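Asker: Structure below; questions to follow.
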């Protein structure tokens, strides 16, 4: 029997506070956003979903049959300043994919299957159509990951954020059977490193990207404080015009504009990674995010082991060559900031490496052999 908790009442749709609206928060816009996003949320429904959106909590009943010792795994993240690119292009239907990817790709590193997802959107002003557009991306990410979007929050922050600005963060919960959990404890010298290609910059390193291309840079006029304040509006307008020109600039080596390349959604590796885990002896997985190779790959290693990677095997994407050239960035810094074309790194037994590659490619991924695990404490050795 279904509880009333699973059926949010519609009476709140008549709610309205003129005083609250005058303070900058329009609750009716919030209700309209919920109505517009329902069709997107419905796409993510999977067995286990108990509640609809609009209640005080999202309810989910996991199927744990056949598991010896179920372990819940959680992850939370945002998309960083990639949001600036979405705002400049006025394109908001993919940034939600990034929010999901950053969370679910993390927990699959343990071998966990995502069950459900919740989002949080903070905005200067709630424009229902824009909020629904953002959530459509979240829903698409959930579909790609095979998890349900069971709730979230949209909050207006008048006086704290510009009206057109917003931020998004997400939270996911997954499950893994403890005997099958991937924690790197079985790693040994000779294990093979496999790299799964990324779709681009993904959602990390955008502060450096924006600095390299001059996005968000305001010229120093050298005026007095009063003069600078008087000219602030003009400076901001010039900056926005300049930023728009920058992101809409076409690069032949990219085959698209800079903005289109940068806004390419983060690839979601859940289904392909789980397929590889089922087919091969996967001992460790690393999601290559902020900090690049040097920060993330050591996180999957145990003491006394090093990831020895052949640089020539890394499928460096054109966007990274462009960033490095435009910013005159040292190679080490590139590999210490960006994924460089590898979004996920797996360590597998040499006997099952071919099976892992076959499973990944059968799931639509482009995967390559990067190197091997060796003895040592260097963390990552690029040669």
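Asker: Among the residues of the stretch 356-372, write down those that are farther than 11 Å from residue 194 by Cβ and in contact with a helix residue (DSSP H, G or I) (Cβ under 6 Å, 6 or more places away or on another chain).
Answerer: 363, the sole residue that qualifies.
Asker: Can I ask one more? Surrounded by fewer than 17 Cβ atoms within 10 Å (Cβ to Cβ), more than 26 Å from residue 103 (Cα to Cα) and in contact with a strand residue (DSSP E or B) (Cβ under 9 Å, 6 or more places away or on another chain), is that true of residue 349?
Answerer: No: the conditions fail for residue 349.
Asker: Just name the residue that is nearest to residue 175 (Cα to Cα) out of those in the stretch 69-100 that are in contact with a helix residue (DSSP H, G or I) (Cβ under 8 Å, 6 or more places away or on another chain) and part of a loop (DSSP other than H, G, I, E, B).
Answerer: Looking at the filtered set, the residue picked out is 69.
Asker: Here are the criteria: (1) modelled with pLDDT of 95 or more; (2) assigned by TED's automatic domain parsing to the domain that holds residue 127; (3) assigned to a loop (DSSP other than H, G, I, E, B). Tell me which single one residue 200 does not satisfy.
Answerer: (2)
Asker: For residue 375, state whether it is assigned by TED's automatic domain parsing to the domain that holds residue 307, surrounded by fewer than 18 Cβ atoms within 10 Å (Cβ to Cβ) and farther than 10 Å from residue 194 by Cβ.
Answerer: The answer is yes for residue 375.
Asker: Looking at the stretch 314-325, is at least one residue assigned to a loop (DSSP other than H, G, I, E, B), out of contact with any helix residue (DSSP H, G or I) (no Cβ under 8 Å at 6 or more places or on another chain), outside the structural domain of residue 110 (by TED's automatic domain parsing) and surrounded by fewer than 18 Cβ atoms within 10 Å (Cβ to Cβ)?
Answerer: Yes: one or more hits.
Asker: List the number of the failed condition for residue 290; all other conditions in (1) closer than 18 Å to residue 197 by Cα; (2) surrounded by fewer than 21 Cβ atoms within 10 Å (Cβ to Cβ); (3) modelled with pLDDT of 95 or more hold.
Answerer: It fails just one condition, (3).
Asker: May I pose another question? I'm trying to understand the selection: among the residues of the stretch 106-146, which are in a loop (DSSP other than H, G, I, E, B) and under 17 Å from residue 87 (Cβ atoms)?
Answerer: Across the stretch 106-146, the qualifying residues are 124, 125, 126, 127.
Asker: Mind listing just one residue for me: the one in the stretch 246-279 that is within 13 Å of the chain's Cα centre (by Cα) and not in a helix (DSSP H, G or I) and, of those, farthest from residue 175 (Cα to Cα)?
Answerer: Filtering first and then ranking leaves 264.
Asker: Does residue 107 satisfy the condition of being in contact with a helix residue (DSSP H, G or I) (Cβ under 7 Å, 6 or more places away or on another chain) and surrounded by 24 or more Cβ atoms within 10 Å (Cβ to Cβ)?
Answerer: When the stated conditions are applied, residue 107 does not pass them.
Asker: Out of the stretch 61-85, which residues are touching a strand residue (DSSP E or B) at 6+ places or on another chain (Cβ under 9 Å) and either surrounded by 17 or more Cβ atoms within 10 Å (Cβ to Cβ) or not assigned by TED's automatic domain parsing to the domain that holds residue 176 (or both)?
Answerer: Result: 73, 75, 77, 78, 79, 83.
Asker: Okay, next question. What's the number of the only condition in (1) assigned to a loop (DSSP other than H, G, I, E, B); (2) more than 27 Å from residue 27 (Cα to Cα) that residue 103 fails to meet?
Answerer: Unmet for residue 103, out of (1) assigned to a loop (DSSP other than H, G, I, E, B); (2) more than 27 Å from residue 27 (Cα to Cα): (1).
Asker: Follow-up. Name the single residue, out of those in the stretch 1-52 being in a loop (DSSP other than H, G, I, E, B), under 18 Å from residue 126 (Cα atoms) and in contact with a helix residue (DSSP H, G or I) (Cβ under 7 Å, 6 or more places away or on another chain), that is modelled with the highest pLDDT.
Answerer: 17
Asker: Could you please let me know if residue 149 is part of a strand (DSSP E or B) and either in contact with a helix residue (DSSP H, G or I) (Cβ under 7 Å, 6 or more places away or on another chain) or surrounded by fewer than 21 Cβ atoms within 10 Å (Cβ to Cβ) (or both)?
Answerer: So residue 149 passes the test.
The values are calculated or read from the model by the stated rules, or taken from the named source; none is laboratory data. A quick note: this is a predicted structure, and the numbers were derived from the prediction, not measured. Every residue, glycine among them, receives a Cβ derived from its backbone with ideal geometry; neighbour counts consider all protein chains shown.
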